[in-house]
Each structure stands twice: as C-alpha cells, then as structure tokens.
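Asks: Take this structure first; my questions come after.
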Amino acid sequence: MTATTAKPESAPTGRHPQRWLILGVICLAQLTVLLDNTVLSVAIPSLNRELDASATDIQWMINAYSLVQSGLLLTAGSAADRYGRKKLLLAGLALFGIGSLAAGLAQTSAQLIAARAGMGVGGALLMTTILAVIVQIFDDTERVKAIALWSTVSSLGFAAGPLIGGIMLDHFWWGSIFLINIPVTAAGLIAVFLLVPESKNPQGERPDLVGAVLSTIGMTAVVYAIISGPEHGWTSGQVLVSAAIGAVVLTAFARWELSIPYPMLDMHFFRNRRFVGAVAGSILVAFGMGGSLFLLTQHLQFVLGYGPLDAGLRTAPLALTIVALNMTGIGPRLLPKFGTPVTIAIGMGLVSAGLAAIALLGGESYGGMFLGLVVMGAGIALSMPAMANAIMSAIPREKAGVGAGVNGTLAEFGNGLGVAVLGAVLNSRFAALLPGVAGAASLPAALAAADGEAGRAGVSAAFATGLETSQLVGAVAVLAGGLLAAALLWRAENEETVRQAA
C-alpha cells in the first residue's frame, strides 16, 4: 500500500478512488473519541472509589475535555485549512493517544483531569478535520451519503459506550477504558498516513492569531457558564461573570473578524439564509437530543428503577434507529427527493414527536419511552446529515475546516444548552410541586427527607411530572427550530433559483 497524496496547493476535489476506505478510517478515529466520552460516565463509581475522587473532581474529569474541545474547534478548523488537514488529523490522533495513555496511568484526580484536557485538544483537531476531509474527497452527489455515515458513527459511539465500558470494568481496572484507545489510534495513524490525501486552502491566507485567541476564550467562557449553571445557580457570580466574559469576548471576536482581510471565520456567512437556517436547526436538534438524553438517564434510574448500565443500554434504541436508517441509505435517498427544507422539517418534527411521546407515554413504563426513542432516532437520522450538509455546502470548499469547526461548535453549544435549560425546567417544576419539602432541589435529597412510603411516592411523582414538563418544553423548542430552519432554507433556495433564472 502506498501513500496517496495531493499537492497542498490544489485541494483534491471530486471522487477520490479510495474515498470509502478513507471514510472508514477516519470514522474509526471519530468513534474512538465518541466512545471515550460515553464510557467515562459508566466509570464514575470506580473513580470515586479508587482515586477517592470528589463530586467536583468527577465534574472536572468530564468537563475538562468538553471545555477544551469546544473552545478550540474553530481554531482547529482554521489551522487545518491553512496548514493541511491531513497533518492536523495526524496530530489530533497522536495527541488523543498520548492523552489516553496519560489518563490510563493517572494516579490522582488532578493527573486525570489534566490528561482529559490534553485529550480535548486532540479531540478538537479530530472532529474538525474529519468532516473537512469528507468534503474534500466526496463530490456533491455522494457527500450526503458520506455525511450520513459519519453521523451514524456518532450514534454508534453513544450506543456502544456504556456496553463496552461495563464489559471493561467487569474484567479490568478503570484505566483500561482509556488504554483501549491506544491500539485504535495507532492503527488510525498508520492508515491516515498511507491513505488520506493532503489538502489545504490554496490561497495560503495568513494566520488570524487574534481571532484564534478571542474565539477560544469566548467559547470556553460561554460553555463553562452553561456547564456550571445547574450546579452553582444561574444567578451566581461565577456563572454570570463567565457568561459576561464570553459575550464580551465573542462580540470582540465578531468585530475583529469583520475588520481584517483574512478572517478565521468570515462573518458574512451569516448573511446566507441557507447557512443561518442550518445553524439554527443544528443548535436545536443538539438542544433536544442532549437535554432529553440527560433527562432520560435520570428518568430510567430514579423513576423506573434501572441501574446505570441498564439505563444506558435502554437508551440504545435511539442510536440503533439512526444507525439502521443511515446504513440502509433511507435518509440520504430522501434528501434529494424532498429537498433540504422539507427533509429538515420532517426530521425535526419527528424529533419533537419523539420527545412528546417520551413525556406523555413513558412516565410509568419503558414501552412508551421505547416508542419515543425510535421516533426521535428516525428524526435525527433525517435531519442531522441534511443540516451538516447544508452548513458545509454554504461554505467554500477551501474553508471546509472552519465549516466543520462551526458544525462541531454548534453541537457542543446545543448539547450544553439543552442539558442546562431542560435541567433547569425540571428542577424548577420539581421544587414547585414540593413546597416546603427539605431537599427539593434534588431527587435523592428529597427522597431521603420524605416521611414514609407515601411521602417517597409523592416525591417520585413530582419528579416524573417535572420530567414530563421539561421534555415537552424540549419538544416545542425543537419543533419551532425545525420550522424556522426549514423556512430560512426554503427562502434561500427560492432566491438562488430566481438568481439562476435571471
């Protein structure tokens, strides 16, 4: 097998002869990143016990990765466009592998948190370059199918993570969930080096160092405010200061990008209704999916009584539905038939209907929840590839890394916002239904303070009602977002048709 490369000055376009093999290689790299995030949640009890990790330590083990990755996505995408997507993909794999080794061998909570932050740098490089490479090696006719398979890997990572984590922890110590990444990243490095063609922006624009610093600080501050809001309170100084810093710095970032000849993110993209419509839809699908899954795990454990691993496995129908529909090509076939606006409207309508079904039918049994998960999965399988393709199609090919960075940033932002907002709705409704009850801010505390079996039953019923309310709020938000995105995309396509006819 010989290395397949292209001159950096001429980014490959059209159909690469080994494009499907390359897609498999880079999706394997992405699967490693996604599995790591879902596996970690299963290992929390082991980390509590073996590293003597506090609740704050656990939060930082999870959030260190998310904060670093979300803060660097735009910068990583811009760097990939300028310096070469293959180079940055190899660097991302190497950093993720080194971080995994450090995490697996960590002896203290602080060491594990630092290792997770290092893995976040690698994850940011991987998540942006993977989608950018897909845009380079597939032409317009096959790109939708390729992006659908790419999004399928995300769902597969979510479904398989708890299962793989449970198996590993049953046989090995907690560090094994990180060390298992090393052979996969090593194989990925070899395969990427041999197969993936190099590509970069042929214009060789000068680096936007100020923009990179501003975007990293701004996004990190905003995501930190969203993550810490539920724990510290939305009106706490810590959250308000972080949110204010994020807003001010991102505003400065936007003004800076508009004032320089070679911006990292061309703010004029936001004048493109197609781009804005896809952006709005992406945020709200991630909002509904991230928030609902956060609530579902609590519902399954606290209301229906499943253990952590069983609860994780019972969310699998969502991911498996996405995998089944995308692997059979149903989603990619519907997109050219119905068009992007209709496909997104149908998909997000199904996501909304699934959330509503979970809220109204899944309160007392898993059967109603199962139906809602399947319907949600069908909606995500239709809408997510269509929106990712719309975002990438609205951005010039030479800016594919930045486009992937925007797509990844939106997903991180939407997920965090969904957890924060729907979690706040749940907590507010739960507390309102239990006036004067000690510990009404959390279910375990309220159950511990409840008087007798009847009191505990009342607390559980209040929590279930809060879950129902929050899921319905998510359903309304997703439906509204779907209609807005579809309307913007439809208008943009009509305007483009009129221009072409003129």
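Asks: Which condition does Ile130 not pass, out of (1) within 15 Å of the chain's Cα centre (by Cα); (2) open to solvent by 10 Å² or more (accessible area, probe 1.4 Å); (3) modelled with pLDDT of 80 or more; (4) not polar (S, T, N, Q), if it passes all the others?
Replies: (2)
Asks: Pairs under 8 Å by beta carbon, first residue part of a helix (DSSP H, G or I) in the range 391-418, partner among the aromatic types (Phe, Trp, Tyr) and crowded, with 24+ Cβ neighbours inside 10 Å, six or more apart or different chains?
Replies: Gly414/Phe287; Asn415/Phe287; Leu417/Phe287; Gly418/Phe287
Condition check ((1) within 27 Å of Ala43 (Cα to Cα); (2) at pLDDT below 75) across all residues:
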site: Ala146; (1), (2): no, no
site: Trp150; (1), (2): yes, no
site: Leu163; (1), (2): yes, yes
site: Gly166; (1), (2): yes, yes
site: Ser176; (1), (2): yes, no
site: Asn181; (1), (2): yes, no
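Asks: Can you find, within the range 236-249, the residue that is nearest to the chain's Cα centre (by Cα) among those that are part of a helix (DSSP H, G or I) and surrounded by fewer than 17 Cβ atoms within 10 Å (Cβ to Cβ)?
Replies: Ala247
Asks: Something else: Pull out all pairs, ordered by first then second residue, where Cβ-Cβ is under 8 Å, the residues are six or more apart or on different chains, the first lies in the range 471-500 and is under 15 Å from Met289 (Cα atoms), and the second is aromatic (Phe, Trp, Tyr) and crowded, with 24+ Cβ neighbours inside 10 Å.
Replies: So the pair list comes out as Gly474/Phe287; Ala477/Phe287; Val478/Phe287; Gly481/Phe287.
Asks: What pairs can you find where one residue is in the range 340-362 and more than 14 Å from Gly481 (Cα to Cα), the other is of a type in the set (Gly, Ala, Ser) and surrounded by fewer than 21 Cβ atoms within 10 Å (Cβ to Cβ), and their Cβ atoms are less than 6 Å apart, with a gap of 6+ or different chains?
Replies: Partner pairs satisfying both residue conditions: Leu361/Gly368; Gly362/Gly368.
Asks: Also, quick follow-up: Evaluate the following for Gly466: is it modelled with pLDDT of 75 or more, surrounded by fewer than 20 Cβ atoms within 10 Å (Cβ to Cβ) and under 22 Å from His299 (Cα atoms)?
Replies: Spelling it out, it is not the case that Gly466 is modelled with pLDDT of 75 or more, surrounded by fewer than 20 Cβ atoms within 10 Å (Cβ to Cβ) and under 22 Å from His299 (Cα atoms).
Asks: While we're on this one: Tell me, which helices (runs of 4 or more DSSP H) wholly within the range 287-367 include 2 or more residues that are among the small types (Gly, Ala, Ser)?
Replies: Ranges flagged: 308-313, 316-327, 340-361.
Asks: Restrict the check to the range 105-113 and report whether at least one residue is of a type outside the set (Lys, Arg), open to solvent by less than 10 Å² (accessible area, probe 1.4 Å) and within 20 Å of Val33 (Cα to Cα).
Replies: yes
Asks: While we're here: Quick one: which residue in Val323, Val285 is open to solvent by less than 40 Å² (accessible area, probe 1.4 Å) and at pLDDT 75 or above?
Replies: Val323
The values are calculated or read from the model by the stated rules, or taken from the named source; none is laboratory data. Predicted, not measured: the structure shown is a model, and the values here were computed from it. Cβ coordinates were reconstructed from backbone atoms using ideal geometry, including for glycine residues, and neighbour counts include every protein chain displayed. Keep in mind that these areas ignore ligands, DNA and RNA; they rest on the heavy atoms of the full protein, side chains included. Shrake-Rupley method; radii C 1.70, N 1.55, O 1.52, S 1.80 Å.
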